[in-house]
Amino acid sequence: MTDWVRVHAYAQHTYVQTFPITSFLVSGVSHYTDTIKDISVNDILYMSFEPENKYDSTAIIIKRYNDICGYVPKDLKEKILPYVPSSVKVIDKHFFKGNYSLRIDIF
């Protein structure tokens, strides 16, 4: 079962990629490129609350060891709450036009 389909079209090549319904794109990864560039697919990250966040006291942070990778998107926080804290797995990482995208899955 999937909730999201990615369609890429580069010149003559097009491919479709599907992801599990429990996966999501991490928000704010562009602020943490030093951490993101060293992350690989199948790496295990940790998701926890970050009540000391000065912008959002209900923020859910994604970390690799002590390094911040990003956050759970605001529109998904309510769905993710039952799974926090927990480990998550990197299932997709892309670098395109100078920007990273990181997709994780709850397991």
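Each value in this text was obtained by applying a stated rule to the coordinates, not by laboratory testing. Owing to the predicted nature of the structure, the values given are computational and were not obtained by experimental measurement. Counting neighbours? That spans all protein chains shown, and the Cβs are built from the backbone with ideal geometry, glycine included.
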*Provide Val41, Val26, Val72, Val90 in ascending order of the number of other Cβ atoms located within 10 Å of each residue's Cβ, fewest first.*
Val41, Val90, Val26, Val72
*Ranked by Cβ crowding within 10 angstrom, fewest neighbours first, how are Leu76, Leu25, Leu102 ordered?*
Leu76, Leu25, Leu102
*When Thr33, Thr22 are ordered from fewest to most other Cβ atoms inside 10 Å of their Cβ, what list results?*
Thr33, Thr22
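Sum up the charges of everything whose Cβ sits under 14 Å from the Cβ of Ser30, counting Lys and Arg as +1 and Asp and Glu as -1, but leave Ser30 out.
Working: positive: Lys37, Lys93, Lys97; negative: Asp34.
My count for the surroundings of Ser30 gives +2.
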*Please list, or write none, the lysines whose alpha carbon is within less than 19 Å of the alpha carbon of Lys37, excluding same-chain residues fewer than 8 places away.*
Lys63, Lys89, Lys93, Lys97
